[in-house]
Each structure stands twice: as structure tokens, then as C-alpha cells.
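Just so it is clear, none of the values below were taken in a lab; they were calculated from the coordinates. These figures come from a predicted structure and were not determined experimentally. Cβ atoms come from the backbone with ideal geometry, glycine included; neighbour counts cover every protein chain shown.
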Ligand code: PBG
């Protein structure tokens, strides 16, 4: 044995105390952002069939749920609206009494300690399900920007703490930054869905938000999953235009991109652990095929290891409970 020369890496893995001493990545409750679907109907708490444990909530149930979220130690939520009526230009998104604006006002009054992030997009509100105005079968860029700016301002007026534009029109950060500043909201940060891929992992969300495009797909504005350099172009321009946070979405299949975005940009990077990533784990766990808690903690830890500072996740409540144990 004497001439053998090798390293003993296992010394640092000998027991849980030793392992926790050298652990490089940690999940905190403060890292978690919980996505919530608010509906316009009254008295509704309806489970979304493809997302067990996630609900459509009317304003009364929203307050109840958000009080629980705060008591678990989660500090931020991101709101998605499901309106009763939709139209060509998505009026519900920017109307003063649109469902998200009402939800923000309610939360600011009833649960003021919560940071409320507003997803800024049109797809939940348009009859065709696309994220902008359609003309000649094409989602118009510059015309859609105007409606997005109106949406962001309406959300800011209602009291949103952070504006999170997700529609992937070119120039959305520049337009929204200018619109917010001119309306007197220079203090409100923009969390940009800078790097958003045209992903099959959004399937369950589109059921939840009733936002499946009625024709075509989103490939003419969301990014091609095969591309990496394009992510840097998107992130660079959003930073130049004034983004305060960068979102990478989805998370798990794009950890390589997350790492590179983290290394290139000194701003908070947010992983969006999307609906399909959630539902796959839930389905397997319901079958008893995987250990849900272990799988979820491993996945979220991998996002942080890849460079995410924050994680938007439908598992936020479960994770907070596990971290509280
Ligand atoms: C709106 C939006 C989507 C998601 C977040 N914001 C759907 C889409 O782009 O089709 C997906 C989130 C998820 O799957 O959890 N544009």
C-alpha cells in the first residue's frame, strides 16, 4: 500500500455534520417566489387539474392563502390574472379594475408585508391567447409595447412592488422603464423575463391561465431552445434598457444558460421553475415512483448551484415547510 498515492475526498463526507460544514449551496425561504393565479369570479378556490395543490383563487381566498404564505416565511409572490372576459387586445390586463390590479390593491391592504410582483403580459387576457396584438397573422411588436406599458403603469398604480414583463416583445424593458418613470414610478424595479424559451414545459400553466394560443405557437417571439448566444443578446439588451433582475425560464433544462448569465451580469438572477417541471414531479410522486421532498430539494439546489439567486416555484410552500422542520 505504501507507494499508493491518492486523495481522500471522502473525509469531508464522513457524517452529516461534516457535510453541512463544507456545503457550498443553501436554499433559503427568502429565495422563494410563489406564483399565484387570481380569478375574477367570487368565492372560488379551485384546484388546477394538471397542477395538484395549486389553485385558482378569488380575492377572498387569495388573502387567506397569502396570510399562510407569509406565516411560512415566504416574502414574495408573483400574480397571474385569469379574467372572466377576453378580447382582441387584452383589455383586462391594463384596465384600472383588471383582476390583477384588484388583487394587488387587496393584498397591499390586507397583507402589506408581502412583496407583490406583477407578471406583465397580455396572453391571459387576449381572446387569441397570444402575448401581443395580432395583425396579418403576426404578433405586432411596437403596437403591443404600448399596451404593455399601460399594463405596467396600471399595476404600479395599484401598488405592485416589482414589474415582471414576460411577453418577449423587443424593447419591452426600455418601453416599460420609460413609461414607469414618466408616470412617476422610477422607484419600481423591473424583473425581466429576459431569457425565455419557447418551451413545452409551459403546458400546465396554459391550462391554469387559460392562455393557450388559439392558433400557431409562440416561436416567433420566445427563444429557440437550441440557442445559447441568443440568450446573451437578450440579457445584454435588457440590462442596457434598465432591467434590475434577469429571469431565466424554464429552469432545469437551461442550467447551463443560468450559469453563464450569472457570470456575465452582476444583477440578481431568477430561475423560473415552470409549471411542467412542477407537474412532472407531482405526477411521479403521486404514483409513488419518486421521493417528492428529496427530488424537489435536489432540483432547487441545482438551480442555485447554477447561479440563481431567487427561484419562482410552485413548490415554494412545500419547500418553506420542509425548511421550517
Ligand atoms: C405569460 C407567461 C407564461 C408563463 C409565465 N408567464 C406562459 C407562456 O409564455 O406561455 C409560464 C409559466 C409556467 O409554465 O409556469 N407569457
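One way to sum up the overall shape of the range 98-191 is the equivalent ellipsoid from its Cα gyration tensor, whose semi-axes run 24, 15, 9 Å, largest first. How far is helix 141-158 tilted off the main Cα axis of the chain, in degrees rounded to 10, range 0 to 90? On a 0 to 90 degree scale, this one is about 80.
Here the Gaussian network model covers the chain, with springs between Cα atoms less than 10 Å apart; of 29, 187, 196, 187 fluctuates the most.
Can you put 247, 48 in order of Cβ neighbours within 10 angstrom, beginning with the fewest? Before the final figure, lay out each step's value.
Numbers: 247 28, 48 19.
Least crowded to most crowded, the residues run 48, 247.
Highest mean packing comes first when the peptides 164-175, 249-260 are listed by Cβ atoms within 10 Å, giving 164-175, 249-260. To the nearest 0.05, how large is the calculated FRET efficiency for residue 64 and residue 25 if R₀ is 25 Å and r is the Cβ-Cβ distance? The pair residue 64/residue 25 has a calculated efficiency of 0.15. Within the range 239-299, the proportion of C-alpha pairs whose separation exceeds 19 Å stands at 42%. Assuming R0 = 35 Å, what is the FRET efficiency of residue 253 and residue 321, from their Cβ-Cβ distance, to the nearest 0.05? My answer for the efficiency is 0.85.
Cβ crowding within 10 Å, taken as a proxy for footprinting-reagent exposure, orders 71, 127, 275 from fewest neighbours to most as 71, 127, 275.
Here, the range 194-315 has an Rg and a Dmax of 15.0, 47 Å when only alpha carbons are counted. Shape analysis of the chain yields a ratio of the Cα radius of gyration to the Kirkwood radius, Rg/Rh, of 1.00.
Between 262, 46, 11, the GNM of the chain built on Cα springs shorter than 10 angstrom shows 11 fluctuating the most. Taking Cα atoms only, the orientation of helix 172-182 departs from the longest principal axis of the chain by about 60 degrees. Reducing the range 1-46 and the range 173-189 to their Cα centroids gives an inter-centroid distance of 36 Å. For the residues 92, 159, 43, a GNM of the chain with alpha-carbon springs under 10 Å puts the largest fluctuation on 43. Of the residues 126, 212, the one with the fewest other Cβ atoms within 10 Å heads the list, and the complete ranking is 212, 126. Cβ-Cβ distance of residue 227 and residue 2, R₀ of 51 Å, FRET efficiency by 1/(1 + (r/R0)^6): the value works out to about 0.40. To the nearest ten degrees, helix 229-241 and the longest principal axis of the Cα atoms of the chain are 60 degrees apart.
Quick check on the chain: helices-only [θ] at 222 nm, where DSSP H runs of length 4 and up contribute -39,500 (n - 2.57) each and the sum goes over total residues. Nearest 500, please.
Working: 12 runs with 128 residues, N = 325.
Theoretical 222 nm ellipticity from helices: -12000 deg cm²/dmol.
Our note on the geometry: Cα centres of the range 232-272 and the range 62-94, 24 Å apart. Annotation: the antiparallel percentage among DSSP beta bridges lying fully within the range 57-197 is about 15. How much of the DSSP beta bridge set in the range 26-324 is antiparallel, as a percent to the nearest 5? About 15 percent, rounded to the nearest 5.
Multiplying the residue separation of residue 9 and residue 285 by 0.36 nm and removing their Cα-Cα distance gives an extension gain of 96.1 nm.
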